[in-house]
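Structure record follows, encoded as structure tokens.
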Amino acid sequence: MIDPILPLQKRVSEALSAAFPEVEKGVDLAVHRSEHADYQCDVAMALARKVRKAPKAVAQALVEKLTPDEALASAVISGPGFINLMLRAEYLAAELGRMGHDPRLGAALAATPEKIVIDYSSPNLAKEMHVGHLRSTLIGDALARVLEFQGHTVIRQNHIGDWGTPFGMLLEYMRDQGIDGASSGLKELSTFYRAARAKFDSDPAFANRARLRVVQLQALEPETLALWRALIGVTLDNLDILYQRLGVTLKREHVAGESQYNPELANVCAELEAKGVARISDGALCAFPPGFTNREGEQLPLILRKQDGGFTYGTTDLAALKYRVQTLQATRVVYVVGAPQATHLAMVYAIGRMAGWVPENVRLEHVAFGSVLGEDKKILKSRAGEALSLGSLLDEAVDRARKLIDEKSAELPEETKATLANSVGIGAIKYADLGNDHARDYIFDLNRMVAFEGNTGPYLMYAHARIHSILRKAAEDGISFQGGAIVLAEPQERALALELLQFPQTVERVGETLQGHRLSQHLYALATAYSAFYRDCPVLKAEGATRTSRLQLCQLTARVLELGLRLLSITAPEQM
Ligand code: ARG
């Protein structure tokens with residue numbers, strides 16, 4: 001991996017053991033990027049206390065050992081306990097050269113590739129997918145891409161809600177109305193679904209029949225099953241279209257819905273009961289994993305089999321967990337699911353471990369994301385008050401992008417403008433979703449998302465396209481710069497270099513922490529550093545070695561932006 005922190009960290013550790021041989025290993029003086037220097041090392045208070053010296057004296061002793069070498073230009077004390085570290089420009093330039101020669105742009109392949117299951121998207125069928133599922137789809141797809149890029153085997157699992165009570169309602173309603181599933185579109189299905197729901201809530205006799213219908217479905221009664229299959233077909237076809245439109249990597253073969261686990265549910269219950277993990281309570285089979293209590297301090301149950309014999313969402317999740325770890329052999333299982341399901345998933349993990357299905361070294365991780373809010377800071381709804389449909393949101397984003405492109409690039413041919421509007425509109429939504437810490441709620445503000453200024457997708461896409469226009473111009477003018485040396489003379493060039501060199505370790509951190517926004521924030525910082533460089537350092541108007549070097553910097557920036565955006569599933573056009 002290309003990462004200037006590595007040699008610096010090594011020097012600091014050596015300085016530490018040379019200056020304070022009495023300090024055993026384990027004291028970590030972390031080197032990090034800083035505004036005040038290229039990098040900074042924090043002489044932790046802990047070290048000062050350990051050696052009973054003032055932080056300043058500790059820093060002094062370390063600095064004396066941090067003599068310049070081929071990478072390090074200087075180490076200087078700053079403030080009471082910091083050491084500012086500056087790198088040699090030649091070293092940075094050489095590292096950039098290495099980065100440029102590497103198709104992976106310096107990002108390492110995982111030392112121990114893992115098998116990683118990612119559960120994402122996972123909408124509920126016979127309902128139109130709404131904006132809440134958009135987050136899971138986008139965050140999950142970005143994480144899948146990053147982990148795959150790192151050389152892990154990623155197994156995508158679209159845990160669609162295609163089983164259980166809602167289907168009983170819907171199927172019963174459709175039979176009542178004499179509606180045939182296959183000839184209904186998804187829109188109609190959602191309408192039927194709402195009508196069925198209303199009837200379920202107001203008509204006890206219907207509710208009863210709907211419950212029986214679930215039992216028939218679970219028992220695979222042929223007529224019920226056939227109608228159910230037709231519904232699934234309609235919804236999956238629609239999902240395929242949507243995924244394709246979004247440009248996500250999720251395909252039909254990744255669908256592993258709740259229904260897939262139906263044959264296992266009784267076994268899961270029996271096994272948990274036999275192992276003493278679950279017991280009958282009030283006629284229902286429940287597990288009470290330790291540490292989960294309600295406000296009154298009572299043990300919280302995860303219900304596995306209801307009094308009426310029906311299995312639950314939780315039972316299915318346990319069957320899925322067992323399958324993912326034992327059959328798929330995953331060593332890491334990532335759930336990209338909204339924050340409200342945190343307790344549910346934590347209970348599932350605890351029960352899976354109690355049952356002995358999940359070895360200790362297998363990581364179970366919940367990427368818990370926040371809600372998408374409307375401008376009124378409430379959960380986003382359409383005017384009619386229903387959850388907003390995803391298709392209409394995408395249409396609107398594309399429309400707005402189209403208007404901006406018409407203003408900005410009126411000269412482009414119609415076809416190009418249409419393609420661009422699509423990439424920019426959809427890229428804008430994706431970036432807005434991936435740009436901030438996923439744990440936070442965010443306000444869905446289309447105007448801001450599609451803007452070409454600020455921390456937006458279009459800003460980054462545009463930065464990338466502008467660099468390509470410089471590279472095209474260079475080619476037209478017959479300027480060749482490939483293979484030439486990079487020279488970092490101006491402060492803006494140096495700042496850009498330092499930002500470029502952050503890319504490999506940013507990817508590494510995303511894979512480790514599953515925080516995709518670290519990558520978007522890096523790309524934004526890079527685009528910002530690039531625009532300062534471009535403002536102050538003429539490229540095509542420069543000459544000779546300077547021009548060659550600057551063109552190399554431009555090209556490397558474009559490559560990092562392109563790859564980085566691609567890992568976020570955003571296509572960066574070369575012309576805008
Ligand atoms: N279908 C669920 C929902 O819409 C999400 C499923 C998440 N994955 C899981 N294994 N529980 O809320």
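Screening the candidates M45, M1 for the property of being under 24 Å from A485 (Cα atoms) and not polar (S, T, N, Q) yields one hit, M1. Out of all the residues in segment 439-456, is one or more part of a helix (DSSP H, G or I) and closer than 22 Å to G140 by Cβ? So far as segment 439-456 goes, yes, one or more of its residues are part of a helix (DSSP H, G or I) and closer than 22 Å to G140 by Cβ.
In this entry, A475 passes the filter for residues that are under 25 Å from L412 (Cα atoms) and more than 21 Å from the chain's Cα centre (by Cα).
Give D176, D141, D240, D201 a once-over and let me know the one that is of a type in the set (D, E, K, R) and within 16 Å of the ligand (Cβ to nearest atom). It is D141. Screening V154 on (1) away from the ligand (no atom under 14 Å from the Cβ); (2) under 30 Å from R518 (Cβ atoms); (3) in a helix (DSSP H, G or I) shows it passes everything except condition (3).
Going through segment 497-513 one residue at a time, which ones are of a type in the set (S, T, N, Q) and in a helix (DSSP H, G or I)?
Q505, T506, T513
Tally the residues that are of a type in the set (G, A, S) and under 42 Å from the mean Cα position of the chain (by Cα), restricting the search to segment 43-62. Of the residues in segment 43-62, 4 are of a type in the set (G, A, S) and under 42 Å from the mean Cα position of the chain (by Cα). Of the candidates L231, L236, L225, the single residue that is within 23 Å of S122 (Cβ to Cβ) and in contact with a helix residue (DSSP H, G or I) (Cβ under 6 Å, 6 or more places away or on another chain) is L231. Mind listing whichever residues of segment 423-451 are free of Cβ contacts under 8 Å to residues at least 60 places away in the same chain and surrounded by fewer than 19 Cβ atoms within 10 Å (Cβ to Cβ)? Selection gives L446, N447, R448, A451. Pairs meeting the criteria (first residue in segment 529-540 and under 15 Å from A463 (Cβ atoms), second residue in a loop (DSSP other than H, G, I, E, B) and not aliphatic (A, V, I, L, M), beta carbons under 9 Å, at least 6 apart or on different chains) are F533/E490.
In segment 347-377, of all residues being surrounded by fewer than 21 Cβ atoms within 10 Å (Cβ to Cβ) and touching a Pro at 6+ places or on another chain (Cβ under 8 Å), the one that is nearest to D437 (Cα to Cα) corresponds to A350.
Taking the criterion of being more than 9 Å from the ligand (Cβ to nearest atom) and buried (at least 17 other Cβ atoms within 10 Å of the Cβ), the residues of segment 332-344 that qualify are R332, V333, V334. Within segment 345-371, the set of residues being more than 14 Å from the ligand (Cβ to nearest atom) and either among the charged types (D, E, K, R) or in contact with a His (Cβ under 9 Å, 6 or more places away or on another chain) (or both) comprises R353, E360, R363, G370. Just to be sure before I move on: is I486 in a loop (DSSP other than H, G, I, E, B) and touching a residue at least 60 places away in the same chain (Cβ under 8 Å) in the structure I sent? Judged against the criteria, I486 is a match.
Each residue in segment 271-320 was checked for being charged (D, E, K, R) and within 25 Å of A210 (Cβ to Cβ), and 5 pass. Checking each residue in segment 408-438 for being within 18 Å of L561 (Cα to Cα) and not in a helix (DSSP H, G or I) picks out G435, N436.
Can you find even one residue in segment 244-255 that is closer than 21 Å to A346 by Cβ and within 16 Å of the ligand (Cβ to nearest atom)? No: zero hits. Just give me the residues in segment 151-189 being farther than 22 Å from D433 by Cα, polar (S, T, N, Q) and either at pLDDT below 95 or crowded, with 22+ Cβ neighbours inside 10 Å (or both), in sequence order. The answer is T165, Q177, S183, S184. What are the residues in segment 30-57 that are farther than 17 Å from A18 by Cβ, part of a loop (DSSP other than H, G, I, E, B) and among the aliphatic types (A, V, I, L, M), if any? Within segment 30-57, A30, A37, A44, A54 meet the criteria.
For L373, the stated conditions do not hold, so it cannot be described as modelled with pLDDT of 95 or more and aliphatic (A, V, I, L, M).
Restricting attention to segment 288-319, the residues being at negative phi and more than 16 Å from the ligand (Cβ to nearest atom) number 17. Among the residues of segment 347-367, not a single one is more than 23 Å from N262 (Cβ to Cβ), modelled with pLDDT under 95 and not in a loop (DSSP other than H, G, I, E, B). Within segment 492-548, restricting attention to residues that are within 18 Å of L6 (Cβ to Cβ), touching an Asp or Glu at 6+ places or on another chain (Cβ under 7 Å) and aliphatic (A, V, I, L, M), the residue that is surrounded by the fewest Cβ atoms within 10 Å (Cβ to Cβ) is L498. Only one of the numbered conditions (1) over 30 Å from E365 (Cα atoms); (2) buried (at least 17 other Cβ atoms within 10 Å of the Cβ) is not met by E476, and that is (2). Candidates are the residues of segment 93-130 that are outside any loop (DSSP other than H, G, I, E, B) and within 16 Å of the ligand (Cβ to nearest atom); the one that is surrounded by the most Cβ atoms within 10 Å (Cβ to Cβ) is I118.
The values are calculated or read from the model by the stated rules, or taken from the named source; none is laboratory data. Just so it is clear, the model here is predicted, and its values are computed rather than measured. Virtual Cβ from ideal backbone geometry, glycine too; neighbours counted across all protein chains shown.
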